[in-house]
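After the structure tokens below, expect a handful of questions from me.
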Amino acid sequence: MTDAVADSSLRPPASRPASAVRVRSYWGSVWHRLRYDYVTLFCLVLIIAIVLTAVFAPLISPMDPYKSSMAHRLRPIGYHNYLLGTDEQGRDILSRMLYGGRVSLTMGILPVALATIIGGLFGVVAGYFGGKVNMLIMRTMDVFFAFPSVLLAVAISGSLGGGITNQLLTLTVVLIPPLCRVAETATSQVRTMDFVDAARSTGASTLSILFTHVLINVMSPVLVYASTLVSVSIILASGLSFLGLGVSPPTADWGLMLSTLRQSIYVQPIVSAIPGVAILITSIAFNLLSDGLRQAMDVRA
Amino acid sequence: MTDHMMTPRTAPVDPRDRGGPAQPMLIVDGMKKYFPIRAGVFNRKVAEVKAVDDVSFYVVKGETLGIVGESGCGKSTLARLLMHLIEKDAGELILDGDLVGGSTGVLLDGLRRALQMVFQDSSSSLNPRLPIEQSVAYGPKVQGASGKSAKAQARSLMEKVGLNPNLFGQRYPHELSGGQKQRVNIARALALAPRLLILDEAVSALDKSVEAQVLNLLGDIKKQLNLTYIFISHDLHVVRYISDRVMVMYLGQLVEIGPADQIYEAPKHPYTQALLACRLSMDPEARVDAAPLAGDPPSPVSPPSGCRFHTRCAFVEDVCKAKTPKLGDVLKLSADKHLAACHMVHPDSGHSRAPAHATAA
């Protein structure tokens, strides 16, 4: 019997065809590493949950976020049907938080996505072609870098005026330079690698080299950096709303809510802090997620 | 170009052959590359690095030409110039009788198909985000092959270099050893069915046993595919093993060229003699105690006057500092001639060790 055991353990698994060797794509291996990173997974779930509550706000919010009630102003958490209390006009905080998430998350994700595409494009072009093209693009970006991002955002949005579209535009412009710089650095590193020269020596066009060999290597640092910018963008948008340069008052928005509840901080400190806590949790979640993504996307890990 | 008196070679006639068996695979005439050094507010050119300075030679069909020299002597720059990866400042490239890049010559695309290169750094020469099968198939795809035929070609090439395509095809470069990566690089270079392969330190980064495997592989492939090699290395033993002819470079210039056996048995140029003296011997009694060559080579920004080697040469005389020794017309002479750019070799050069006129060969 021992012979049989030894025999079977020595025999290679003959039934397994040679082509069945595991084939894991790049994204497959990223997911494989992410699966065991519980902090990152928790943040991912949290972000998905926040996004879902924002998307389905009309279905799940208990009350009308715009219906005020002078009788129930600044009620504490858990008062009657008001799960998170009411604001200075007697509107349900929970409903306003759910609706406000729509604006705040849009302001966090959309400008970053736009800036990644535009800034990434400029950065890859500057990094790959170098020389005068690089100089022109990167010195232009340096002009924007000369101002602190908050100041730049205030200046642009002050001259454009309030409103969601203008706020979106402002944030996109502010986020383009840092993303451009990251893309440029990554591209100029890849540019010097021998595999780009090897691709050139096959007679490939510049466009083909950029798409097949450069973009795929530049993508992960840019995506990781972009994910850290989501929290920056949410905070910037909240700041603009707080200063009255973003969305206009009746609209529910986390930054705007924080701004208006500020005056009631001595009356209802905990209720006033709720929008701030939401901003904090969301941005930390995005930051930790990007940290985990950076580790998972490192191909040599 | 018919005045080249080639040593007859019994290479089978290749259908791609245009110039006949006597026509050199590649003629390099007066190749120059000066890299500008820019400085100051206006980025003015303040100096030039003379990386490759007036180098002429030719490669016979079917041979392996070894190129040796210290680090920084312009070997790799020369390779990149031949591949048109960097723009040359002057010089001509004639591929199998056709001028490359000229108005009547072959287009760059033709050169790219005929000339391929294996890079030194096996890991940076493979895209870390592409499975190696796709890296190999990229060249044929660029040249218009369908995805399916490019893939089939890549798989057969991987088999040719000794990698099972079923096992390795979908792997990423970081999952391969150095030797395996270099095999992939060779497969990738072969994918466009080149006639001349430039091997730039292709085995230098590998450990000795793997190096031997890859060298044998290169020998087999050369016979199978009727290839010509330019083999660049600083490893003199390996160059002797693989090369038919050897050329020695010093500070961007060609100082000695000739059949490998003659160069190794009877080096003419004192630089070549010093290089060969640096080789490690198998005999522990014959160990090298003092370095035959002291110090670094002089700066290629302002190379020494006269003979560029005179600052480190043991036989230096006044004539070496004043006059630049000539190598002789490499392009006009036959491939089995052994030439050296040294005053001690040329009769009547004024050097005390120069042969008398009558005995000049």
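The values are calculated or read from the model by the stated rules, or taken from the named source; none is laboratory data. Because the structure is a prediction, the values reported are computed rather than measured. Here the Cβ is made from the backbone with ideal geometry for all residues, glycine too, and neighbour counts use every protein chain on show.
Inspect all residues belonging to region A:179-199 and state whether any of them is within 14 Å of another protein chain (Cβ to nearest Cβ), assigned to a helix (DSSP H, G or I) and surrounded by fewer than 15 Cβ atoms within 10 Å (Cβ to Cβ).
Yes, region A:179-199 contains at least one residue that is within 14 Å of another protein chain (Cβ to nearest Cβ), assigned to a helix (DSSP H, G or I) and surrounded by fewer than 15 Cβ atoms within 10 Å (Cβ to Cβ).
Sticking with this structure for a sec: Does A:LEU94 satisfy the condition of being buried (at least 16 other Cβ atoms within 10 Å of the Cβ), closer than 26 Å to A:LEU236 by Cα, in contact (Cβ under 8 Å) with a residue 24 or more places away in the chain and in contact with a Ser or Thr (Cβ under 9 Å, 6 or more places away or on another chain)?
Spelling it out, A:LEU94 is indeed buried (at least 16 other Cβ atoms within 10 Å of the Cβ), closer than 26 Å to A:LEU236 by Cα, in contact (Cβ under 8 Å) with a residue 24 or more places away in the chain and in contact with a Ser or Thr (Cβ under 9 Å, 6 or more places away or on another chain).
I'd like to verify a number: residues in region B:171-196 that are over 13 Å from B:VAL136 (Cβ atoms), among the charged types (D, E, K, R) and assigned to a helix (DSSP H, G or I), how many?
Final tally of qualifying residues: 1.
Among the residues of region B:185-193, are any within 14 Å of chain A (Cβ to nearest Cβ), surrounded by fewer than 17 Cβ atoms within 10 Å (Cβ to Cβ) and either among the charged types (D, E, K, R) or out of contact with any Gly (no Cβ under 7 Å at 6 or more places or on another chain) (or both)? Explain how you work it out, then say what you get.
If we filter region B:185-193 for residues that are within 14 Å of chain A (Cβ to nearest Cβ), which is where we start, we get B:185-193.
If we keep only those that are surrounded by fewer than 17 Cβ atoms within 10 Å (Cβ to Cβ) too, we end up with B:193.
Those still in the list that are either among the charged types (D, E, K, R) or out of contact with any Gly (no Cβ under 7 Å at 6 or more places or on another chain) (or both) too: B:193.
Among the residues of region B:185-193, at least one is within 14 Å of chain A (Cβ to nearest Cβ), surrounded by fewer than 17 Cβ atoms within 10 Å (Cβ to Cβ) and either among the charged types (D, E, K, R) or out of contact with any Gly (no Cβ under 7 Å at 6 or more places or on another chain) (or both), which makes the answer yes.
Restricting to region B:304-326, what's the tally of residues that are surrounded by fewer than 21 Cβ atoms within 10 Å (Cβ to Cβ) and out of contact with any helix residue (DSSP H, G or I) (no Cβ under 7 Å at 6 or more places or on another chain)?
Counting residues in region B:304-326 that are surrounded by fewer than 21 Cβ atoms within 10 Å (Cβ to Cβ) and out of contact with any helix residue (DSSP H, G or I) (no Cβ under 7 Å at 6 or more places or on another chain) gives 12.
Among the residues of region B:116-145, which ones are buried (at least 24 other Cβ atoms within 10 Å of the Cβ) and either assigned to a helix (DSSP H, G or I) or facing another protein chain (nearest Cβ under 7 Å) (or both)?
Hits for region B:116-145 are B:GLN116, B:MET117, B:PHE119, B:SER125, B:LEU126, B:ASN127, B:ILE132, B:SER135, B:VAL136, B:ALA137, B:TYR138, B:GLY139.
Scanning for something in contact with a helix residue (DSSP H, G or I) (Cβ under 7 Å, 6 or more places away or on another chain) and either of a type in the set (Phe, Trp, Tyr) or modelled with pLDDT of 85 or more (or both), does region B:32-51 turn up at least one residue?
Yes.
Between a first residue in region B:201-219 that is of a type in the set (D, E, K, R) and a second residue that is surrounded by fewer than 19 Cβ atoms within 10 Å (Cβ to Cβ), which pairs have beta carbons less than 6 Å apart while being 6 or more apart in sequence or on different chains?
From region B:201-219, no pairs qualify.
Looking at (1) surrounded by fewer than 21 Cβ atoms within 10 Å (Cβ to Cβ); (2) touching a residue at least 40 places away in the same chain (Cβ under 8 Å); (3) over 19 Å from A:THR116 (Cβ atoms), which one does A:LEU151 not meet, given that it meets all the others?
So the condition that A:LEU151 fails would be (2).
Moving on. Quick one: which residue in A:THR187, A:THR206, A:THR192, A:THR170 is modelled with pLDDT of 85 or more, of a type in the set (Ser, Thr, Tyr) and within 17 Å of A:LEU114 (Cα to Cα)?
Only one candidate passes the filter, namely A:THR170.
For region B:331-357, name all the residues that are out of contact with any helix residue (DSSP H, G or I) (no Cβ under 9 Å at 6 or more places or on another chain), under 30 Å from B:GLU63 (Cβ atoms) and surrounded by fewer than 20 Cβ atoms within 10 Å (Cβ to Cβ).
The answer is B:LEU331, B:LYS332, B:LEU333, B:SER334, B:LYS337, B:HIS346, B:PRO347, B:PRO355.
So, in region B:334-361, how many residues would count as being at pLDDT 80 or above, among the hydrophobic types (A, V, I, L, M, F, W, C) and part of a loop (DSSP other than H, G, I, E, B)?
Total satisfying the criteria: 4.
Same structure, new question: Can you tell me how many residues in region A:243-301 are surrounded by fewer than 19 Cβ atoms within 10 Å (Cβ to Cβ), in a helix (DSSP H, G or I) and more than 20 Å from the chain's Cα centre (by Cα)?
Matching residues across region A:243-301 total 7.
Then there is this: Keeping to region B:200-219, report how many residues are in contact with a His (Cβ under 9 Å, 6 or more places away or on another chain) and basic (Lys, Arg).
Within region B:200-219, residues that are in contact with a His (Cβ under 9 Å, 6 or more places away or on another chain) and basic (Lys, Arg) number 0.
Are any residues in region B:158-170 of a type outside the set (Phe, Trp, Tyr) and part of a helix (DSSP H, G or I), and if so, which ones?
If the condition is that a residue be of a type outside the set (Phe, Trp, Tyr) and part of a helix (DSSP H, G or I), then B:MET158, B:GLU159, B:LYS160, B:PRO165, B:ASN166, B:LEU167 are the ones that fit.
Please enumerate the residues belonging to region B:160-178 that are touching a Leu at 6+ places or on another chain (Cβ under 6 Å) and within 13 Å of chain A (Cβ to nearest Cβ).
Once the filter is applied, which keeps residues that are touching a Leu at 6+ places or on another chain (Cβ under 6 Å) and within 13 Å of chain A (Cβ to nearest Cβ), region B:160-178 yields only B:PRO173.
Ok, one more. Kindly indicate whether any position in region A:207-224 is among the aromatic types (Phe, Trp, Tyr) and crowded, with 19+ Cβ neighbours inside 10 Å. Lay out the reasoning, then the answer.
Here is the first cut: in region A:207-224, the residues among the aromatic types (Phe, Trp, Tyr) are A:211.
Restricting the remaining residues to those that are crowded, with 19+ Cβ neighbours inside 10 Å gives none.
No; the residues of region A:207-224 include none that is among the aromatic types (Phe, Trp, Tyr) and crowded, with 19+ Cβ neighbours inside 10 Å.
Is it the case that region B:149-159 has a residue that's away from chain A (no Cβ under 14 Å) and under 24 Å from B:ASP17 (Cβ atoms)?
Yes, the conditions are met somewhere in region B:149-159.
Look at B:LEU280 and say whether it is among the aliphatic types (A, V, I, L, M) and farther than 18 Å from B:PHE57 by Cβ.
The answer is yes for B:LEU280.
One line per residue, one yes/no per condition, for (1) part of a helix (DSSP H, G or I); (2) crowded, with 17+ Cβ neighbours inside 10 Å; (3) in contact with a Gly (Cβ under 7 Å, 6 or more places away or on another chain):
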site: A:TRP27; (1), (2), (3): yes, no, no
site: A:THR40; (1), (2), (3): yes, yes, yes
site: A:ILE48; (1), (2), (3): yes, no, no
site: A:LEU52; (1), (2), (3): yes, no, no
site: A:PRO58; (1), (2), (3): yes, no, no
site: A:TYR66; (1), (2), (3): no, no, no
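What single numbered condition from (1) within 14 Å of chain A (Cβ to nearest Cβ); (2) buried (at least 17 other Cβ atoms within 10 Å of the Cβ); (3) among the charged types (D, E, K, R) fails to hold for B:ASP98?
Tallying (1) within 14 Å of chain A (Cβ to nearest Cβ); (2) buried (at least 17 other Cβ atoms within 10 Å of the Cβ); (3) among the charged types (D, E, K, R), B:ASP98 fails exactly one: (1).
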